[in-house]
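Below you'll find the structure, written out as structure tokens, and then a few comments.
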């Protein structure tokens, strides 16, 4: 068992650190429509690259090559990881709506 007492909200410093400021600004940026549009444009650029590869090589199988799938999978994984960790940097937290 852990013998340390739980901190109460009044015991926590009100000073906001660098990471908290950065996370707040990043959340503000990522929650806006231009960020979503940029993500959509990223996927469209990847699809356009695939169309060019298909036209140059003459077969659809070249687009299904692991390299092109790796590009989109890696990019979307990184963006998702950053957004999830930015949303909840301390793990699961109580939401502001009061739900459990």
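Brief remarks on what is shown
- Qualifying residue in the stretch 82-92 (condition: surrounded by 10 or more Cβ atoms within 10 Å (Cβ to Cβ), at pLDDT 80 or above and in a helix (DSSP H, G or I)): no
- Only one entry in 29, 42 is closer than 26 Å to residue 72 by Cα, at pLDDT 85 or above, surrounded by 11 or more Cβ atoms within 10 Å (Cβ to Cβ) and under 14 Å from the mean Cα position of the chain (by Cα), namely 42.
- Scanning the stretch 24-35 for residues that are part of a helix (DSSP H, G or I) and within 10 Å of residue 83 (Cα to Cα) yields 26, 27, 30.
- Close pairs (6 angstrom Cβ cut-off, 6 or more residues apart or separate chains): in contact (Cβ under 8 Å) with a residue 60 or more places away in the chain in the stretch 6-31, surrounded by 10 or more Cβ atoms within 10 Å (Cβ to Cβ) anywhere: 23/86; 23/89; 26/86; 27/86
- Count - residues of the stretch 66-81 that are over 23 Å from residue 26 (Cα atoms), at pLDDT 80 or above and either surrounded by 12 or more Cβ atoms within 10 Å (Cβ to Cβ) or touching a helix residue (DSSP H, G or I) at 6+ places or on another chain (Cβ under 9 Å) (or both): 2
- Single condition residue 60 does not satisfy, out of (1) in contact with a helix residue (DSSP H, G or I) (Cβ under 9 Å, 6 or more places away or on another chain); (2) at pLDDT 85 or above; (3) loosely packed, with under 12 Cβ neighbours inside 10 Å: (2)
The values are calculated or read from the model by the stated rules, or taken from the named source; none is laboratory data. Keep in mind the model is a prediction, meaning the values are calculated, not measured. Don't worry about glycine lacking a Cβ; one is built from the backbone with ideal geometry, like all the others, and counts go over all protein chains shown.
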